[in-house]
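Structure record follows, encoded as structure tokens.
What follows draws every value from the coordinates through simple rules; no lab data is involved. Computed from a predicted structure; not experimentally measured. Here the Cβ is made from the backbone with ideal geometry for all residues, glycine too, and neighbour counts use every protein chain on show.
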């Protein structure tokens, strides 16, 4: 599980407060924010809004996709796909184009089509929850 410090949509003060609550990984964040009640409780504990918690959760879900690490996270940010919600709402062909363009801009190899499709399929499946 990636560390919560990998989240880009979290303010440093909230990151510090989450760590004081013992939440060090995105997996733990997902667990403690699984329901509406849990999200409200977490928001109250770290003095955040539930919309903030939802944004952190959205990005954490993206970071927990299979074969997804820091280089892929950077690539997705460059491609303007900052969370699972954004990934679920982009067409596969558009995603492939955006990732290829982002890879060119970042001077790194683009992920192969099978990997992109796997991420896209995972996002669609996770979106059915």
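For the chain, the longest principal axis of the C-alpha atoms and the axis of helix 50-63 are separated by about 40°.
Relative to the longest principal axis of the Cα atoms of the chain, helix 113-126 runs at roughly 30 degrees. Take the Cα of residue 91, step 7 Å toward its Cβ, do the same at residue 35, and the gap between the two points is 4.0 nm. Taking every DSSP helix (H) stretch of at least 4 residues in the chain, weighting each as -39,500 (n - 2.57) and dividing the sum by the residue count yields a mean residue ellipticity at 222 nm of -19000 deg cm²/dmol. Between residue 106 and residue 9, the simple label model (points 7 Å from Cα in the Cβ direction) yields a spacing of 1.7 nm. Extension gain for the segment residue 45 to residue 66, taken as residue separation times 0.36 nm less the Cα-Cα distance, is 4.5 nm to one decimal.
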